[in-house]
Amino acid sequence: MKFSDIEILEKICQTKYVKLKQFGANLGYEIPNKREVDIIKPVVIDDKKSPLIIAEIKRASPTKGYIGDISNPIKLAQTYLSQGANAISVLCEEDYFKGSLKDLQDVKNAFPNICILRKDFILQKDEVKVSYLCGADMILLIVAVFANNMESFIEIYNEVLSYNLTPLVEIHNIDEYKLICDMDLTRAVVGINSRNLKTFEINKMDTIKLRSSIPRNIPVIFESGIQSDYDAFVAGSSGFDGILCGSFLVEKLDNNISNTLHSLKNIFLRGCKHDIFYRIVRRFHDKNSLTHVNYKQNILKPLVKACGINDNKFLVECFKYADLLGFILTDKSPRFVDMGFMKNMNNVFNEYFADKEYKPIRVGVVTQSCLKQGMECLHNGYIDCIQLHDVALDFFIQNNGIESKQKKSSIFYGDISIWNLNDEIKDYNILPFYPTMSCDLSVLNQDSNFHFNTHFALFDSSAGSANKLDTKQIKDFLNKQTGFCNNLWLAGGICRDNIDSILDLNPMLIDVCSGFEIKKGEKNIQLMLDFFNYLDIYYKEK
């Protein structure tokens, strides 16, 4: 059974209420009179350095329908555990996810020393006792279910704590977080679900933005949307303390799931060591929380990246204004800088920011031919992140019918190399990077079936040629790809003369290169100062 245009969460809860009224909190299952197994806490409660890796037993979902045949949940749980999971989520909802309380009891009895999550739509306090008796160690509590009745939520939350179980408090947006931000969450885990429970669409950027709003001392895990190694890396790099992965793992059952989960965990841990995405989004968060931004009208100051920096005096002035600094490492560009410049830049940078809390984020822009130079800069600490220019379309888009090579001539500008991310990036065991897509958005606008895998992507209209952005095309794109609203990263001929039309799009990041030049490759400090002065005036008037 699939749903698309209805309120899925409401439908599931209505069905659950009927069953609770008919069968009671045990939903018709035989429940033990007392708990026979110890309570196991999720590792992240006692040790923040130990990531919480939750693998899910999930047969179906309202959007995907049937996902996988799980006739033996104990065997699947064993596979998960042998490949790095330290907690198992058991979906117990019957009608839309094809789970049961019996699955929960079977898995916990088979693995009494493992933390087991009851993944369900808990609606009543009596369900907590049933969960406890069935062996659950964690219980999912979905804030959206109680948005208009937080008294009931708090009552159920406290009931979970009274049994010494761990609540997994699930939120989806900042409004839901505000409902719980004043609660004592020290004995809980917060889960941010990147899937909108009303539309079931996934928005990873909004999830990462929300993480940056929550204090780092609160354990927070990333739920839904883990569909690749890169997703796991981004989650780790964005300040999350763990991940919950279900559909992606179950769908890989026929393709050696053990390698899939093992890889996801290792890449997540690698991401935890490179917090570049947390730093980017946190800077955006702080920049807007410290300004007179009109949140009611959703007017937010974008991050500004000054790119193509190749002059030391211009570099030092950028320190005072830019959020990101871009250095082009391909010798085919008139803005190319060599290792000597990068080493000197690093010395000047470290001296200037020695006693300062906020530092611009340094980005090395590379093509396929100079990835090794980018890796060398990253290794030496000259840059914080790599920008891959240009990346194949199929990296961005979740659509089995789209192949980047077929679309190259109609979408990509010029002679652009196609990255083979599966081979080349994995050779480096994933690295801190974000992709650039130089494309004609009008082509994407012709097909509304595109589903983007990532929102950490720079849309560049020029591929370095200073072609200006077509704001009409972007508006059409946003109408179809609403997940990019307030999340756009834009580049292409942005300058003082056209900045108003760009800011009207409310982007999250703008990349300015030629707009700071008097001629190609020659940076001008006064143009940069005029640009940033105008930004200050623009937002003060808002």
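In angstroms, what radius of gyration and Dmax does the chain have, counting Cα atoms only?
So, for the chain, Rg and Dmax equal 24.6, 80 Å respectively.
With θ taken as phi - 60° and the coefficients 6.51, -1.76 and 1.60, list the Karplus ³J(HN,Hα) couplings across the range 138-154 in order, rounded to whole Hz; mark glycine and proline as x.
Residue by residue, the range 138-154 yields 10, 10, 6, 10, 9, 4, 4, 5, 10, 4, 9, 8, 5, 4, 5, 4, 4 Hz.
Give me the count of lysine pairs in the range 97-253 whose alpha carbons sit under 16 angstrom apart, restricted to pairs 8 or more positions apart or on different chains.
For the range 97-253, qualifying lysine pairs total 7.
Short version: ³J(HN,Hα) in whole Hz for each residue of the range 22-27, in order, from phi by Karplus 6.51 cos²θ - 1.76 cosθ + 1.60 (θ = phi - 60°), x for Gly and Pro, what are they?
After applying 6.51 cos²θ - 1.76 cosθ + 1.60, I find 7, 10, x, 5, 7, 6 Hz.
Highest mean first, how do 166-177, 353-364, 499-510 rank when packing is the count of other Cβ atoms within 10 Å averaged over residues?
My ranking of the peptides, most packed first, is 166-177, 499-510, 353-364.
Among rounded, prolate and oblate, which fits the range 482-542 when a ≥ b ≥ c are the square roots of the eigenvalues of its C-alpha gyration tensor, a/c under 1.5 means rounded, and a/b larger than b/c means prolate?
oblate
For residue 324, list long-range residues whose amide hydrogen, built 1.01 Å from N in the peptide plane, is under 5 Å from its own amide hydrogen.
Hits under the 5 Å cutoff: 304, 305, 306, 361.
Remind me, relative contact order of the chain in percent, using alpha carbon pairs under 8 angstrom and six or more residues apart?
10
Scan around residue 89 for amide H atoms under 5 Å from its own, H built in the peptide plane at 1.01 Å from N, and keep only partners 5 or more places away or cross-chain.
55, 56, 57, 117
Each residue of the range 37-43 in turn: what ³J(HN,Hα) in whole Hz from Karplus with 6.51, -1.76, 1.60 and θ = phi - 60°, glycine and Pro shown as x?
10, 5, 8, 10, 7, x, 4
Any chance you could give the angle, 0 to 90 degrees and rounded to 10, that helix 204-213 forms with the longest Cα principal axis of the chain?
Rounded to the nearest ten degrees, it is 90.
Rounded to a whole number of µm²/s, how large is the Stokes-Einstein D of the range 22-70 at 20 °C and 1.002 mPa s, given Rh as the Kirkwood radius over C-alpha pairs?
142
What net charge is computed for the residues neighbouring residue 498, neighbours being all others with C-beta under 12 Å from the C-beta of residue 498, Lys and Arg scored +1, Asp and Glu -1?
Residues near residue 498 contribute -2 overall.
Divide by every residue of the chain the summed helix terms, -39500 (n - 2.57) for each DSSP H run of at least 4, and state the resulting mean residue ellipticity at 222 nm, rounded to the nearest 500 deg cm²/dmol.
So the calculated ellipticity at 222 nm is -11500 deg cm²/dmol.
May I ask for the net charge around residue 247, where only other residues with Cβ less than 12 Å from the Cβ of residue 247 are counted and Lys, Arg are +1 while Asp, Glu are -1?
Around residue 247, the charge tally is +2.
Tell me, what % of the accessible area of the chain is carbon and sulfur with a 1.4 angstrom probe?
45
Around residue 119, with a cut-off of 11 angstrom between Cβ atoms, what is the net charge of the other residues, counting Lys and Arg +1 and Asp and Glu -1?
Residues near residue 119 contribute -4 overall.
Rounded, prolate or oblate: pick one for the range 30-141, where a ≥ b ≥ c are the square roots of the eigenvalues of its C-alpha gyration tensor, a/c under 1.5 means rounded, and failing that, prolate if a/b is larger than b/c, else oblate.
rounded
If one takes the longest principal axis of the Cα atoms in the chain, at what angle in degrees, from 0 to 90 and to the nearest 10, does the Cα axis of helix 525-541 lie?
Relative to the chain, helix 525-541 is tipped by roughly 50 degrees.
Can you order the peptides 305-313, 488-496 by their average number of other Cβ atoms within 10 Å per residue, highest first?
488-496, 305-313
Relative contact order for the range 37-173: what percent, with Cα pairs under 8 Å and sequence separation of 6 or more?
22
What does the convex hull of the alpha-carbon atoms of the range 274-394 project to on average, in nm²?
9.2
Among 330-340, 23-33, 370-380, how do they line up by average Cβ neighbours within 10 Å per residue, starting with the highest?
Listed from highest to lowest mean packing, they are 370-380, 330-340, 23-33.
Give the accessible surface of the range 6-147 per residue, rounded to a whole number of Å², with probe radius 1.4 Å and ligands, DNA and RNA excluded.
41
Could you do me a favour and compute the accessible area per residue for the range 185-252, 1.4 Å probe, result in Å²?
Using a 1.4 Å probe on heavy atoms only, each residue of the range 185-252 averages 26 Å².
The values are calculated or read from the model by the stated rules, or taken from the named source; none is laboratory data. Note that the coordinates shown come from a computational prediction; the quantities given were computed from them, not determined experimentally. Note that each Cβ is placed from the backbone with ideal geometry, even for glycine, and that neighbours are counted across all protein chains shown. Note: accessible area is taken over every heavy atom of the protein model, side chains too, but ligands, DNA and RNA are not part of it. Shrake-Rupley method; radii C 1.70, N 1.55, O 1.52, S 1.80 Å.
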